[in-house]
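Q: First the structure, then my questions, so here it is.
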Amino acid sequence: MSTTDAPPDSHIDHAASLRYWNSVAANPKTMLGMLGSYPWYTRIDLRGSKTFLAKVRRMIPNCPTEGKLTLGADCGAGVGRVTEGLLSHVCETVDAVEPVDKFVEVIRQSELKRTGVVVDIYTTGLENWFPEKKYDLIWTQFCVGHLTDVQLREYFGRCREALTETGVMVVKENQSTDPFGLDMYDDEDSSVTRTDEKLRLLFQEAGLAVVASELQLGFPKNFKLLPVRFYALRPLT
């Protein structure tokens, strides 16, 4: 197979990804480092996430629909944008998983850490995270593109085993818009944007069922952003 025919995920270089993210500013007030040049993005993003999660909780048998869940995980946490804006409002405590040291330091110095909402912080990539707890909610957003297909399948499998009886995993990711229906490699941050079909295949191979899925709405069309899709996942029965 020639280089041009190699699957997009074969080009992923974890060291290159870390170099890219270490070059990004870690500003916990503006979050601009996490979201490029769109400071309005986070409001729309978090509102959509809150609405989707509320719907999903009503779909899972015996899952409490009111009050906070016991323990959540923010996987690919960055500077804690999702933990602060969403997970701290729906979970009593949250663990953070993040490989970039300077982003971890922002979380470590945050009010949520000082008050005990953030409990454990794992400074590692998702490919090296082996959960030692059971979680009611594992939230993974805008980061699975840094894992190869094999690593991602294995990560999903470990998360499946780490869910409580009524636990749910939510994956929120950009979707490929390749005209030929292929995954897209981005050499700027050494990541892959996958198709809906590819992600659903990896979920199934990891023993996860999609219990709900929808597109994030509300982003201005003139910015021509990639579509963003939610997946709520539970272990296959």
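The values are calculated or read from the model by the stated rules, or taken from the named source; none is laboratory data. Because the structure is a prediction, the values reported are computed rather than measured. With ideal geometry, Cβ positions are generated from the backbone for all residues, glycine too; neighbour counts draw on all protein chains shown. The area values use the complete protein model at the heavy-atom level, side chains included, leaving out ligands, DNA and RNA. Shrake-Rupley method; radii C 1.70, N 1.55, O 1.52, S 1.80 Å.
Q: Quick check: with the 1.4 Å probe, what order do Arg58, Arg81, Arg108 take by accessible area, largest first?
A: In descending accessible area the options line up as Arg58, Arg108, Arg81.
Q: When DSSP beta bridges are limited to those with both residues in the range 95-212, what percentage is antiparallel, rounded to the nearest 5?
A: Here the antiparallel bridges make up roughly 25 percent for the range 95-212.
Q: Under a Cβ-Cβ cut-off of 9 Å, what is the net charge of the residues other than Asp183 that fall near it, where Lys and Arg count +1 and Asp and Glu count -1? Spell out each step's value before the answer.
A: Values: positive: Arg194, Lys198; negative: Asp9, Asp149, Asp178.
Around Asp183, the surrounding residues sum to -1.
Q: Mind sorting out which of (i) 12.7; (ii) 15.6; (iii) 13.7 is the real mean projected area of the Cα convex hull in nm² computed from the coordinates?
A: Recomputing mean projected area of the Cα convex hull in nm² here gives the entry labelled (i).
Q: Still on this structure, please answer the following. Give the accessible area for Lys134 in Å² (nearest 10); use a 1.4 Å probe, count only protein heavy atoms, and leave out ligands, DNA and RNA.
A: Lys134 exposes around 120 Å² with every protein chain in place.
Q: Springs between alpha-carbon pairs under 10 angstrom, Gaussian network model over the chain: which of Tyr185, Tyr20, Tyr122 fluctuates most?
A: Tyr20
Q: Also, I was wondering about something else. Quote the accessible area belonging to Thr51 in square angstrom, nearest 10, computed with a 1.4 Å probe and with ligands, DNA and RNA left uncounted.
A: 80
Q: If you don't mind, another one. Using a 1.4 Å probe and counting only protein heavy atoms, arrange Phe180, Phe219, Phe130, Phe230 so the residue with the most accessible area comes first.
A: In descending accessible area the options line up as Phe180, Phe130, Phe219, Phe230.
Q: Give Lys68/Lys172; Lys113/Lys172; Lys134/Lys172; Lys113/Lys224; Lys68/Lys221 a once-over and call out the pairs whose C-alpha atoms are over 28 Å from each other. Let's see the in-between values first.
A: Numbers: Lys68/Lys172 21 Å; Lys113/Lys172 24 Å; Lys134/Lys172 21 Å; Lys113/Lys224 36 Å; Lys68/Lys221 34 Å.
Pairs exceeding 28 Å: Lys113/Lys224; Lys68/Lys221.
Q: Pull up the DSSP beta bridges for the chain and report the antiparallel fraction as a percent, rounded to 5. Write out the running numbers ahead of the final one.
A: On the way: 16 of 35 bridges.
Roughly 45 percent of the DSSP beta bridges within the chain come out antiparallel.
Q: What does the charge count near Thr42 come to, summing +1 for each Lys or Arg and -1 for each Asp or Glu among other residues with Cβ under 11 Å from its Cβ?
A: Values: positive: Arg43, Arg47, Arg81; negative: Asp45, Glu84.
Spelling it out: positives minus negatives among the neighbours equals +1.
Q: I've got another one for you. Please work out how much accessible surface Glu205 shows to a 1.4 Å probe, ignoring ligands, DNA and RNA, in Å² rounded to 10.
A: So the heavy atoms of Glu205 present about 90 Å² to solvent.
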